[in-house]
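Since the structure comes first, as structure tokens, the remarks are kept for the end.
The values are calculated or read from the model by the stated rules, or taken from the named source; none is laboratory data. These numbers were taken from a predicted model, which means no experiment stands behind them. Here Cβ is always computed from backbone atoms with ideal geometry, including for glycine, and neighbour counts include all displayed protein chains.
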Amino acid sequence: MSPARPGAERLGLFGGTFDPPHLGHLAAAAACRTELGLDRVLLVVANEPWQKVVDRVPSPAGVRLEMVQAAVEGWPGLEASAVEIRRGGPSYTIDTVEELRRGSVDMPPELVVLIGSDLVPTLPSWHRSEDLRHAVELGVVARPRADPPSIPAGWRWRRVAGPSLDVSSSAVRSALVRGLPVDGMVPCAVINCIRRQALYAGGG
């Protein structure tokens, strides 16, 4: 890891579809903020999540942003970001990194891209992965007591012990479709958004 630049903000980028955001997302982001010494963590809502093989149409980006905004309330240092929605098109992390650096008037932030250990094998397939490798540090979230992830050569990275919560967005959607409660999986404010928007009914 390269030494910190005095005065530079350390900013975590936690990208995702967030359909819907759940407590596992929040716990992982908070753990990264603490363990990596980040000033803020941006939960960056993907406009078009190109990496996923989608067998369902994601909820509209604006709706997913609204849910993330509701989710981060009361979580210090966690913020919802619409940077990829405003840019439009497919959501590439390197484009977001470069946009955030261009938008810094005084000193470019130190950017840490936060990913789950399950995504590590996909890094070589990321858009302009070599440029991204030189531009950022990785915060790799792994389950406690899991084997260390095998990171491709050349990446600067640190491991973060992730939450032991066994929750996923697909599990939340499945529960909602079946009419099951999702308390303890999703913040109450997000549940209210889901009900207001009538999401995930009849096929989730």
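Observations on the structure shown:
- Candidates Pro121, Pro149: the one that is in a loop (DSSP other than H, G, I, E, B) and at pLDDT below 95 is Pro149.
- Pick from the range 140-171, criterion farther than 23 Å from Leu36 by Cα and out of contact with any helix residue (DSSP H, G or I) (no Cβ under 9 Å at 6 or more places or on another chain), ranking: surrounded by the fewest Cβ atoms within 10 Å (Cβ to Cβ): Ser170
- Residue match in the range 181-189 (condition: in a loop (DSSP other than H, G, I, E, B), buried (at least 19 other Cβ atoms within 10 Å of the Cβ), over 18 Å from the mean Cα position of the chain (by Cα) and not acidic (Asp, Glu)): yes
- For Val190: the one exception among (1) in contact (Cβ under 8 Å) with a residue 40 or more places away in the chain; (2) closer than 21 Å to Gly37 by Cβ: (2)
- In this entry, His134 is excluded by the filter for residues that are surrounded by fewer than 20 Cβ atoms within 10 Å (Cβ to Cβ), part of a loop (DSSP other than H, G, I, E, B) and modelled with pLDDT of 95 or more.
- Residue in the range 84-118 that is nearest to Val140 (Cα to Cα), counting only those that are polar (S, T, N, Q) and assigned to a loop (DSSP other than H, G, I, E, B): Ser91
- Any hit, the range 147-158, residues being without any contact (Cβ under 8 Å) to a residue 60 or more places away in the chain and more than 30 Å from Glu99 (Cα to Cα): yes
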